[in-house]
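Below is one structure, written out as structure tokens, with a few remarks after it.
The values are calculated or read from the model by the stated rules, or taken from the named source; none is laboratory data. Since the structure is predicted, the reported quantities are computational estimates derived from the model, not experimental observations. Using ideal geometry, Cβ is built from the backbone for each residue, glycine included, and neighbour counts are taken over all protein chains shown. Areas reflect the complete protein model, heavy atoms only, side chains present, ligands, DNA and RNA absent. Shrake-Rupley method; radii C 1.70, N 1.55, O 1.52, S 1.80 Å.
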Amino acid sequence: RCQSSSVDDKPKPKRSLLDNASNLLTNLLSGGSLGAMPVAEGAVTDLFGRPLFFSLYDWFLEHGSVYKLAFGPKSFVVVSDPIVARHILRENAFCYDKGVLAEILKPIMGKGLIPADLDTWKQRRKVITPGFHALFIEAMVRVFTKCSERTISKLEDLIERGEHGQNYSIVDLEAEFSNLALDIIGLGVFNFDFDSVTKESPVIKAVYGTLFEAEHRSTFYIPYWNLPLTRWIVPRQRKFHSDLKVINDCLDGLIKNAKETRQEADVEKLQQRDYSSLKDASLLRFLVDMRGADVDDRQVVINIVLKLVSYAVYFFPHRANKSTKLHVLCKLRDDLMTMLIAGHETTAAVLTWSVFLLAQDPTKMRKAQAEVDSVLSNGTITVNQLKKLEYIRLIIVEALRLYPQPPLLIRRALQPDKLPGGYNGAKEGYEIPAGTDIFLSIYNLHRSPYFWDRPNEFEPERFSVPKKDESIEGWAGFDPDRSPGAMYPNEIIADFAFLPFGGGPRKCVGDQFALLESTVALALLLQKFDVELRGSPDEVEMVTGATIHTKSGLWCRVRRRT
Ligand code: HEM
């Protein structure tokens, strides 16, 4: 169901005998292990009839902000409280890993940052984060502009050639945003032009195939793909592995090329963070040129020593060398694959829902266009101009509030922990045993009636009105002064009631990249076109995997502005 129908309007699924029996069983099986925590009376139909996060929201209103959801012998703790979220994500972050999510993503992302275990994560995060410094992001604005202009030309062509008398064209903007975000991530992260806006290629098909499988795995409750032989027997698993090979070969080729074309002049420019004259400003170039020596080479040495020692025993030294190279290549490839997936669908979804919301509100659409007209001229967009696009930036964050990507964060307790008492939760907090699986519902936090006025309404302006609610114990309220100079409202300003990019040490590394990218793309689209939904908003149904997207596209009437 889409935004226009309020969460309360949604019909409650009818409970069947099977559901009730399953509830009884699950409560018996899981009862008591999490103390006095309320238990959601989930029914089997809740898990299949509609996106899971809707049911989690209903149970949140019914059971409070920390409750246990049990299905089968498995149970999850569902958290919708900023104090508890702050504890899990920031204050006691290293007590948790990614649990179920890592199990799903490891076959795709390997040891990339998102699924990485804590030891790997600590090492890799130090390597990746410096690549996203402010001057890199500024240099990326050129890439965002170039790719967005390509999308705009395509839309202009469609209108020109269209059957509606050169007046407008009916376009699935979700598909266009997906192509745009893929092109941007390709150029920004590894200087590879997918050019998916204008053509199709085996690599693009493989990327979409892999995303499709990741989504299937995240919504399928039995991990049948782990059973022996499935990768050869089940057709969709065979396709998945062949898609993965296409992407891995492409990424390995790009890494090899970046290593072979390393030039001292570029390294010097990167050392001085001088992106102005660099031909290739990608993250891969930075990682190979700047971090290659101090990370990969050290790993190479350690690995060579370890492997040589072990292989020497068996007199196979040549294998040691090959395996070491592969290991190093894999780590970098895993990180690139992670960013390709993490930075693609998420940004496309933000643009999709921003347009979906704006298209239903002509007044806000005109206000946004007026701002764009007053700030942008024809030509390159600068960061200074982006700073002046305040309303566009607020539209993006408000879309992220209403449609968080992903709607759930997943964690597993590595040790026993005690969750703090939170608003609407137990005063004393709950003890949780090691191994507890946790869903942090960002969707619930972002639409919580306890922290947001009119939580289901699209009101970008809400972020410019400071709200300090001292009445809620432990929650320090919404306060822009906490993060002075931030271009976009963030989790610090909202004291963890707003978590579009997570929070704490595992917060998204690409947040500023994604926000500026979305701002540029939306501004350029609104500068050129008026956009209306083709049908009623109710027809735009939601489905979820890792992100919230539409069931069959965001079909819009796109008209050239006069
Ligand atoms: C992590 C959201 C764009 C790379 C995350 C997390 C969220 C998130 C919520 C935290 C996950 C968790 O705690 O379990 C988003 C959204 C985006 C976006 C909403 C777009 C609007 C990007 C982009 C990149 C990226 C463009 C890279 C170019 C990553 C990586 C992590 C991550 C590598 C893992 C960080 C770590 O564990 O250290 N993202 N992301 N994301 N994101 Fe993003």
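When the C-alpha to C-alpha distance is required to be over 31 Å, the pairs from K199/K387; K154/K367; K154/K259 that qualify are K199/K387; K154/K259. Think of each Lys and Arg Cβ as +1 and each Asp and Glu Cβ as -1; about the Cα centre, that makes the dipole of the range 99-208 roughly 720 debye. Surface composition of the range 226-279: carbon plus sulfur atoms hold 55% of the accessible area, using a 1.4 angstrom probe and ignoring ligands, DNA and RNA.
Considering only L409, V383, A399, and ranking their Cα positions along the charge dipole of the range 377-432 that arises from unit charges at the beta-carbon of Lys, Arg, Asp and Glu, the one farthest toward the positive end is V383.
Using the Cβ-Cβ distance between S483 and E160 with R0 set to 35 Å, the FRET efficiency works out to roughly 0.20. Structure note, pairs K106/K551; K256/K551; K98/K146; K239/K279; K239/K528; K98/K245: Cα-Cα distances above 30 angstrom occur for K256/K551; K98/K146; K239/K279; K239/K528.
Under the convention that each Lys and Arg Cβ holds +1 and each Asp and Glu Cβ holds -1, the size of the dipole of the range 472-551 around its Cα centre is about 320 debye. A DSSP coil position with no more than 15 other Cβ atoms inside 10 Å describes the following GluC sites (Glu not before Pro) in the range 442-545: E457, E470, E473, E541. What shape does the range 188-278 take by its C-alpha gyration tensor, where a ≥ b ≥ c are the square roots of the eigenvalues and a/c under 1.5 counts as rounded, a/b above b/c as prolate, and the rest as oblate? Prolate. Model label points for E457 and R366, set 7 angstrom from Cα along the Cα-to-Cβ axis, are 1.9 nm apart.
Peptides 54-64, 255-265 ranked from most to least packed, by the mean per-residue count of other Cβ atoms within 10 Å: 54-64, 255-265. Partners of K122 within straight-line reach, counting aspartates and glutamates whose Cα lies under 18 Å from its Cα and excluding those fewer than 8 residues away in the same chain: E91, D97, D294, D296, D297, D334, D335. When the chymotrypsin sites (Phe, Trp or Tyr not before Pro) in the range 171-235 are filtered for DSSP coil states and for at most 15 other beta-carbon atoms within 10 Å of their beta-carbon, the remaining sites are F220, Y221.
If a/c stays under 1.5 just call it rounded; otherwise compare a/b with b/c (prolate if a/b is bigger, oblate if not). Do that for the range 393-443, with a ≥ b ≥ c from the square roots of the Cα gyration tensor eigenvalues. Verdict is oblate for the range 393-443. The dipole here belongs to the range 505-562: it is taken about the Cα centre, uses +1 on the Cβ of Lys and Arg and -1 on the Cβ of Asp and Glu, and is about 220 debye. The range 144-158 and the range 378-443 have Cα centres separated by 32 Å.
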